[in-house]
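Trainee: Sharing a structure here in structure tokens format.
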Amino acid sequence: MIQTLIVEDDYRIAEIHSEFIERLDNIKLVGKALNGKEAIGFAEKFTIDLVILDLYIPDISGLEILDELRRRQGDMDAIIISAASEKNMIHRTVRKGVFDYMIKPIKRERLIESIKRYQLFNERFSNEENINQKFLDNHFGLMRNVEIEAQRTPKGIDPLTLNKIKKMIDQTKDGVAAEKMGENIGVSRTTARRYLEYLTSLGEIKADLAYGAVGRPERRYYRL
């Protein structure tokens, strides 16, 4: 059971968050704090595994609240839901190791998805004796990104091969021909051209003809 505290100065938003959370299995809401003093009070009475925290709290800043709660709770995690979108604020917050950061207003599905990911991470972490790279890739979203890319790409376009081609184009200042691309990533010239033309159709790269001293002009691909 994940013991959860909501820290949100707008009682209406706090109530909405609590309604979403209480519908989930294996989540226990220990309280809703409208200010920093109340949040610290809950931390002194209950074990808290996860805090749903706003950064704009009237009496104590959200980052200070997070620090105070962790002094009392140790291994407590945090999901931030805040209107704070300033680059400096987000940078400072992310460096504190929060599990997720959402900018208001948020959708119900986004909050539930975040908490379910947190539940899944804790479950897998508890059941694993040794942590491997696949576990970490799943946690940090790398495998998820590949799955999303696979859903977006058409038939015949493999997202892993596509990423290799994108990286090579990024490293090439003078453009690259399909034949050279194929040699570098281990596919045929025809396959490489298919991927390059796909990226061209998306507007991510451009194609141009390069005229050499002899022979026909060569079609080369450049990053826009």
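The values are calculated or read from the model by the stated rules, or taken from the named source; none is laboratory data. Just so it is clear, the structure is predicted and the values come from calculations on it, not from any experiment. Here the Cβ positions follow ideal geometry from the backbone for every residue, glycine too, while neighbour counts run over all protein chains shown.
Trainee: Can you name every residue in segment 83-107 that is without any contact (Cβ under 8 Å) to a residue 12 or more places away in the chain and of a type in the set (D, E, K, R)?
Mentor: Residues satisfying the conditions are Glu86, Lys87, Arg95, Lys107.
Trainee: Considering only segment 168-213, state which residues are part of a helix (DSSP H, G or I) and either exposed (fewer than 11 other Cβ atoms within 10 Å of the Cβ) or among the hydroxyl-bearing types (Ser, Thr, Tyr) (or both).
Mentor: So in segment 168-213, the residues part of a helix (DSSP H, G or I) come out as 168-170, 178-185, 189-202.
Of everything in segment 168-213, those that are part of a helix (DSSP H, G or I) and either exposed (fewer than 11 other Cβ atoms within 10 Å of the Cβ) or among the hydroxyl-bearing types (Ser, Thr, Tyr) (or both) turn out to be Asp170, Thr190, Thr191, Tyr195, Tyr198, Thr200, Ser201, Leu202.
Trainee: Which of the residues spanning segment 15-51 are among the charged types (D, E, K, R) and not in a loop (DSSP other than H, G, I, E, B)? I'd like the intermediate steps shown before the answer.
Mentor: Initial filter on segment 15-51 (among the charged types (D, E, K, R)): 15, 19, 22-23, 25, 28, 32, 37-38, 44-45, 49.
Result: Glu15, Glu19, Glu22, Lys28, Lys32, Lys37, Glu38, Glu44, Lys45.
Trainee: Only one of (1) free of Cβ contacts under 8 Å to residues at least 40 places away in the same chain; (2) outside any helix (DSSP H, G or I); (3) not polar (S, T, N, Q) fails for Arg12. Which number is that?
Mentor: Only one criterion is unmet by Arg12, namely (2).
Trainee: Would it be correct to say that Gly36 is free of Cβ contacts under 8 Å to residues at least 40 places away in the same chain and on the phi > 0 side of the Ramachandran plot?
Mentor: On the way: free of Cβ contacts under 8 Å to residues at least 40 places away in the same chain: yes; on the phi > 0 side of the Ramachandran plot: no.
Taking the combined requirement at face value, the residue does not satisfy it.
Trainee: Restricting attention to segment 155-166, and to residues there that are out of contact with any Asp or Glu (no Cβ under 6 Å at 6 or more places or on another chain) and surrounded by 11 or more Cβ atoms within 10 Å (Cβ to Cβ), which single residue is farthest from Leu209 (Cα to Cα)? Talk me through it step by step, then tell me what you get.
Mentor: Of all residues in segment 155-166, those out of contact with any Asp or Glu (no Cβ under 6 Å at 6 or more places or on another chain) come to 155-158, 160-166.
If we keep only those that are surrounded by 11 or more Cβ atoms within 10 Å (Cβ to Cβ) as well, we get 157-158, 161-166.
Working: Ile157: 24, Asp158: 26, Thr161: 24, Leu162: 22, Asn163: 24, Lys164: 23, Ile165: 19, Lys166: 20 Å.
Of everything passing the filter in segment 155-166, Asp158 is farthest from Leu209 (Cα to Cα).
Trainee: Please find, among Leu34, Leu66, the residue that is touching an Asp or Glu at 6+ places or on another chain (Cβ under 6 Å), of a type in the set (A, V, I, L, M, F, W, C) and in the same structural domain as Glu113 (by TED's automatic domain parsing). Please lay out each step first, then the result.
Mentor: Details: Leu66 fails: touching an Asp or Glu at 6+ places or on another chain (Cβ under 6 Å).
Within the list Leu34, Leu66, the selection yields Leu34.
Trainee: Kindly evaluate Gly41 against the criterion of being small (Gly, Ala, Ser), assigned by TED's automatic domain parsing to the domain that holds Asp9, at pLDDT below 95 and out of contact with any Cys (no Cβ under 8 Å at 6 or more places or on another chain).
Mentor: Working: small (Gly, Ala, Ser): yes; assigned by TED's automatic domain parsing to the domain that holds Asp9: yes; at pLDDT below 95: no; out of contact with any Cys (no Cβ under 8 Å at 6 or more places or on another chain): yes.
For Gly41, the condition - small (Gly, Ala, Ser), assigned by TED's automatic domain parsing to the domain that holds Asp9, at pLDDT below 95 and out of contact with any Cys (no Cβ under 8 Å at 6 or more places or on another chain) - is not met.
Trainee: Could you list all residues from segment 7-34 that are in contact with a Gly (Cβ under 8 Å, 6 or more places away or on another chain) and of a type in the set (Val, Ile, Thr)?
Mentor: Here is the first cut: in segment 7-34, the residues in contact with a Gly (Cβ under 8 Å, 6 or more places away or on another chain) are 7, 33.
Across segment 7-34, the qualifying residue is only Val7.
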